[in-house]
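What follows is a set of notes on a single structure, which appears directly below.
The values are calculated or read from the model by the stated rules, or taken from the named source; none is laboratory data. Being a predicted model, the structure only gives us computed values, none of them experimental. Positions of Cβ are generated from backbone atoms using ideal geometry, with glycine treated the same way; all protein chains shown enter the neighbour counts. The protein model used for the area step is the full one, side chains on, heavy atoms only, and it has no ligands, DNA or RNA in it. Shrake-Rupley method; radii C 1.70, N 1.55, O 1.52, S 1.80 Å.
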Amino acid sequence: MNQDSVSLLQECNAGAKMGLKSLNDVLDDVCSSNMKQTLMKSRAEHERIQCQTNAMLYKDQKDGKEPDMMATAMSWMKTNAKMAMDGSDQTIANLITDGCNMGVTSINRYLNQYKDADMQAKGIARDLIAIEEKLAKDLRTYL
């Protein structure tokens with residue numbers, strides 16, 4: 001695997017981990033069973049991406065990447081502050097939608113940055129983008 005492929009996979013790995021953390025942070029507070037099911041399905045998709053990127057990186061004797069500490073801390077603070085003020089499904093949908101939009105922006109930026117990544121790595125990045133876009137769309141009814 002070339003360096004661009006490794007870097008893109010590491011960013012997808014970090015993005016999937018960030019998405020998983022965000023989903024896990026709010027799942028217990030969701031009231032709507034339909035919304036909970038939507039979030040759990042997306043969580044399974046994020047887990048799949050994380051496993052896929054881990055396996056590909058492991059084959060090349062590379063490690064996954066942890067999400068940026070500052071981004072993780074800011075997300076945690078924002079989630080807890082908003083949930084303390086209003087723990088409704090609408091608030092959760094808003095928080096997750098914001099996270100999806102940031103994820104889509106980041107992964108698209110990395111796709112552009114790592115132009116020489118192989119087709120498999122680019123495919124995983126596009127898959128993660130599609131997962132994030134679908135989740136944001138599915139949550140619109142709760143906003």
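A single entry from T72, T105, T38, T97 fulfils the requirement of being touching a Lys or Arg at 6+ places or on another chain (Cβ under 9 Å) and at pLDDT 95 or above: T97. Only one of the numbered conditions (1) open to solvent by less than 60 Å² (accessible area, probe 1.4 Å); (2) out of contact with any Asp or Glu (no Cβ under 7 Å at 6 or more places or on another chain); (3) among the charged types (D, E, K, R) is not met by E47, and that is (1). Q61 passes every criterion in (1) surrounded by 15 or more Cβ atoms within 10 Å (Cβ to Cβ); (2) on the phi > 0 side of the Ramachandran plot; (3) of a type outside the set (S, T, Y) apart from (1).
Condition check ((1) in contact (Cβ under 8 Å) with a residue 60 or more places away in the chain; (2) among the hydrophobic types (A, V, I, L, M, F, W, C); (3) open to solvent by 20 Å² or more (accessible area, probe 1.4 Å); (4) over 15 Å from P67 (Cβ atoms)) across all residues:
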| residue | (1), (2), (3), (4) |
| --- | --- |
| S5 | yes, no, no, yes |
| L8 | yes, yes, no, yes |
| G19 | yes, no, no, no |
| V26 | yes, yes, no, yes |
| R43 | no, no, yes, yes |
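Is there a residue being out of contact with any Ser or Thr (no Cβ under 6 Å at 6 or more places or on another chain), touching a residue at least 40 places away in the same chain (Cβ under 8 Å), under 20 Å from L9 (Cβ atoms) and not in a loop (DSSP other than H, G, I, E, B) anywhere in segment 68-87? So far as segment 68-87 goes, yes, one or more of its residues are out of contact with any Ser or Thr (no Cβ under 6 Å at 6 or more places or on another chain), touching a residue at least 40 places away in the same chain (Cβ under 8 Å), under 20 Å from L9 (Cβ atoms) and not in a loop (DSSP other than H, G, I, E, B). For T91, indicate whether it is without any contact (Cβ under 8 Å) to a residue 24 or more places away in the chain and open to solvent by less than 30 Å² (accessible area, probe 1.4 Å). So T91 fits the description; yes.
The sole residue among K62, K82 that is out of contact with any Gly (no Cβ under 6 Å at 6 or more places or on another chain) and closer than 29 Å to Q3 by Cα is K62. Within segment 114-135, the set of residues being touching a residue at least 40 places away in the same chain (Cβ under 8 Å) and part of a helix (DSSP H, G or I) comprises Q120, A121, K122, I124, A125, D127, L128, I131, E132, K134, L135.
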